[in-house]
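What follows is a short report on a single structure.
The values are calculated or read from the model by the stated rules, or taken from the named source; none is laboratory data. Note that the coordinates shown come from a computational prediction; the quantities given were computed from them, not determined experimentally. Cβ coordinates were reconstructed from backbone atoms using ideal geometry, including for glycine residues, and neighbour counts include every protein chain displayed. Keep in mind that these areas ignore ligands, DNA and RNA; they rest on the heavy atoms of the full protein, side chains included. Shrake-Rupley method; radii C 1.70, N 1.55, O 1.52, S 1.80 Å.
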Amino acid sequence: MKKSTLVTQFLGEYELKLDAKGRLVLPAGLMRQLPAEAAGRLVVNRGFEKCLVLYPANEWDGIVAEVTKLNQYVKENREFVRYFLRGASPLELDAANRINLPNPLLDYAGIEKDVVLFGNLNKIEIWSKQLYNDMLNNEPGDFSALAEKVMGGRL
């Protein structure tokens, strides 16, 4: 299967456990989806919700290029950049396809042992299994109406 060099698309949900050292093994299903351009380099950061977000380095570079264009003389832009970049940490896969997640980020996301990895377009969300299940249990009551509101005028 040939990977596109233009768009990274992660799919799937994977339940895992952190090892005693706080490391996480990326499942083979996600490893196959990593773009060659990332060369095993990743960046983890806080998500907008209480999760972590794992980006291939090439995707992160594109996001940083967009953030860099923000006018730093505008206070909201400075605040956004600070909060968005706070905690961002470079990671590299080891020989066993493991990543070592920083403790402050694990604390932020409430991750202790049980983890869910969720492929979400160009990134992988890393959730505490409990918080992920809580989020799913609070899905919109009318997903059809939400889909129409968000996507209705696009097709």
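Taking the Cα centre of segment 44-155 as origin and charging only Cβ (+1 Lys, Arg; -1 Asp, Glu), how large is the dipole, in debye to the nearest 20?
That gives segment 44-155 a dipole magnitude of about 320 debye.
Roll a 1.4 Å probe over the protein heavy atoms and report the accessible area of Ile63 in Å², nearest 10.
The value for Ile63 is about 40 Å².
If exposed GluC sites (Glu not before Pro) are those in a DSSP loop with at most 15 other Cβ within 10 Å, what is the longest stretch of the chain that has none?
Counting only loop sites that pass the neighbour cut-off, the longest clear stretch is 50-111.
What figure in square angstrom, to the nearest 10, would you give for the accessible area of Lys129 with a 1.4 Å probe?
For Lys129, solvent-accessible area is about 70 Å².
Along the charge dipole of the chain, which of Ser128, Phe118, Asn45 sits closest to the positive end, that is, farthest toward it, with unit charges on the beta carbon of Lys, Arg, Asp and Glu (+1, +1, -1, -1)?
After comparing all options, I get Asn45.
Checking the a/c ratio against 1.5 first, then a/b against b/c, what shape does the Cα gyration tensor give for segment 98-150?
Taking the square roots of the gyration eigenvalues as a ≥ b ≥ c, segment 98-150 is prolate.
Mean separation of Cα pairs under 8 Å and 6+ residues apart, divided by the residue count of the chain: what relative contact order is that in percent?
33 percent
Quick one: which residues, 5 or more positions from Leu101 or on another chain, have an amide H under 5 Å from its amide H? H modelled 1.01 Å from N in the peptide plane, none for Pro or chain starts.
Residues meeting the amide H criterion: Leu24.
Select from Gly153, Pro27, Tyr55 the residue farthest towards the positive end of the dipole of the chain; place +1 on Cβ of Lys and Arg, -1 on Cβ of Asp and Glu, and compute about the Cα centre.
Farthest towards the positive pole: Tyr55.
Would you mind classifying the chain by shape? Square roots of the alpha carbon gyration tensor eigenvalues, ordered a ≥ b ≥ c; an a/c under 1.5 is rounded, otherwise it is prolate if a/b is larger than b/c and oblate if not.
Judged from the Cα gyration tensor, the chain comes out rounded (a/c under 1.5).
In what sequence, largest accessible area first, do Arg23, Arg82 appear using a 1.4 Å probe?
Of Arg23, Arg82, the descending order of accessible area is Arg82, Arg23.
Going by a ≥ b ≥ c, the root eigenvalues of the Cα gyration tensor, does segment 1-90 fall in the rounded group (a/c under 1.5), the prolate group (a/b larger than b/c) or the oblate group?
Note, shape of segment 1-90 comes out oblate.
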